[in-house]
Amino acid sequence: MINLSNKVKISENHEPIIIAEISGNHAGSKKRFLQLIKSACLNGADLIKIQTYEPEDITLNKSYGNFKIKKGIWKGKKLWDLYKKACTPFAWHNDAFKIAKKYNKILFSSPFSIRAVDFLEKFNCKLYKIASFEITDYKLINYIASKKKPIIISTGMASLKEIRKAILIIKKYHEKIIILNCVSNYPTKLREINLERIKELQRKFPKYFIGLSDHTNDIYSSIAALSFDIVVIEKHFNLKDKKETPDSTFSILPNQLLKLKEISKEIFLSRTNKLKKSNNQNKILRRSIFAIKNIKKGEKLNENNINTLRPSVGICASDYFKILKKKLKRDIKAGDPILKKDII
């Protein structure tokens, strides 16, 4: 189990943790950024995740070759310009952590540089996430792992070999690792989500917790994934005004986040193998064996003087054939249960 707080525990024995990813949905507005965190806190998120970088932490200010995006929802944009628009300025972080603390929620981040990690350490960040595109940045992974905080690894585009390599680096420091199945298409179509890969990750990495980073634009695939015993679901999160942002096409709204939390909790409770006390109490409505005629001491029990009826107060109905032709130690009146102590 990874214990983050009294309320947030990552384990197969606890309901799945729901992560609201703010990402670039702030659209460059600090006010909106803080509104997103508050809304996530109030609408079912167990953890709120941000991304800690400024454009210089990720790329160079160039416009040739692959510095320009050639396809997808960001086609034609320079990497620098995209990250400048989507980044969460370092200056916003202090207020972000304050709001999360106010609502007794845990805020954490994906750092995209060494300086971002050092900056987040000032806020005593409780865990970190390695983004899918950074899974081969072993220098960054090593530095994050050296802080000995729990680490979430997103695995979009990653081969099993690349996942193993990242884990080996982290294992030098600790094994508090959560692996997220992820498809790095934005948005991800339902036919692309490939939930069966969760089973593969569970088989290949049985020592670690497995979850889902879901980039579809609804909660259907997240709900379906609950049947795979995942411990974490991460969804990009936007405000109900549906403002167009870099991530808006694959983000869910407050009512969907709250619904996902409620459904995940109910599904977890429905799958538990612990019998509830109320269920056991209903056993009284099972059948037991009763006398349907007055029966004398020494008289044999037969199908004409006993029957199986509710409630369960005498010998269980399952023993009906065992007690046929048995004799009684005492007189039994019609309507009385047959007890084990009455049988010779």
Restricting the stretch 5-42 to residues that are buried (at least 18 other Cβ atoms within 10 Å of the Cβ) and of a type in the set (D, E), the residue that is modelled with the lowest pLDDT: E15
When residues of the stretch 157-193 are limited to those that are of a type in the set (V, I, T) and in a helix (DSSP H, G or I), the one surrounded by the most Cβ atoms within 10 Å (Cβ to Cβ): I170
Selected residue (criterion: nearest to L257 (Cα to Cα)) from residues of the stretch 58-77 that are within 30 Å of the chain's Cα centre (by Cα) and surrounded by 12 or more Cβ atoms within 10 Å (Cβ to Cβ): I73
Residues (at pLDDT 95 or above and of a type in the set (V, I, T)) located in the stretch 188-203: I198
Number of the condition not met by I263 [criteria: (1) assigned by TED's automatic domain parsing to the domain that holds G28; (2) at pLDDT below 95; (3) of a type in the set (V, I, T)]: (2)
Test result for W80, free of Cβ contacts under 8 Å to residues at least 40 places away in the same chain, over 13 Å from P246 (Cβ atoms), surrounded by 14 or more Cβ atoms within 10 Å (Cβ to Cβ) and of a type outside the set (A, V, I, L, M): yes
Every residue from the stretch 1-42 that is among the charged types (D, E, K, R) and more than 17 Å from S109 (Cα to Cα): K7, K9, E12, E15, K31, R32
Residues of the stretch 306-326 satisfying the condition of being over 14 Å from D342 (Cα atoms) and either β-branched (V, I, T) or outside the structural domain of R287 (by TED's automatic domain parsing) (or both): T308
Among the residues listed as I163, I130, the single one being within 22 Å of S222 (Cβ to Cβ) and in contact (Cβ under 8 Å) with a residue 40 or more places away in the chain: I163
Subset of the stretch 41-56 (residues that are more than 11 Å from I99 (Cα to Cα) and either part of a helix (DSSP H, G or I) or touching a His at 6+ places or on another chain (Cβ under 8 Å) (or both)): L42, I50, T52, P55, E56
Condition broken by T59, with the remaining ones in (1) over 25 Å from L212 (Cα atoms); (2) part of a helix (DSSP H, G or I); (3) of a type outside the set (D, E) satisfied: (2)
Unmet requirement for S146, which otherwise passes all of (1) loosely packed, with under 15 Cβ neighbours inside 10 Å; (2) within 21 Å of C41 (Cβ to Cβ); (3) over 23 Å from the mean Cα position of the chain (by Cα): (2)
Tabulated pairs, the stretch 186-212, first assigned by TED's automatic domain parsing to the domain that holds S251 and in contact (Cβ under 8 Å) with a residue 24 or more places away in the chain, second part of a loop (DSSP other than H, G, I, E, B) and hydroxyl-bearing (S, T, Y), C-beta under 7 angstrom, 6+ apart or interchain: P187/T216; T188/T216; L190/T216; I193/T216
P206 vs. criteria at pLDDT below 95 and part of a loop (DSSP other than H, G, I, E, B): no
Within the stretch 213-235, considering residues that are of a type in the set (D, E, K, R) and in contact (Cβ under 8 Å) with a residue 60 or more places away in the chain, the one farthest from C41 (Cα to Cα): D229
Residue tally, condition charged (D, E, K, R) and over 20 Å from S213 (Cα atoms), over the stretch 106-135: 4
Any hit, the stretch 160-167, residues being of a type outside the set (S, T, Y), closer than 20 Å to K259 by Cα, at pLDDT 95 or above and out of contact with any strand residue (DSSP E or B) (no Cβ under 8 Å at 6 or more places or on another chain): no
Condition check for K300: basic (K, R), at pLDDT 95 or above and buried (at least 21 other Cβ atoms within 10 Å of the Cβ): no
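The values are calculated or read from the model by the stated rules, or taken from the named source; none is laboratory data. Small disclaimer: the values here were computed from a predicted structure and weren't measured. When we count neighbours, we look across all protein chains shown, and the Cβ atoms used for this are built from the backbone with ideal geometry, even at glycine.
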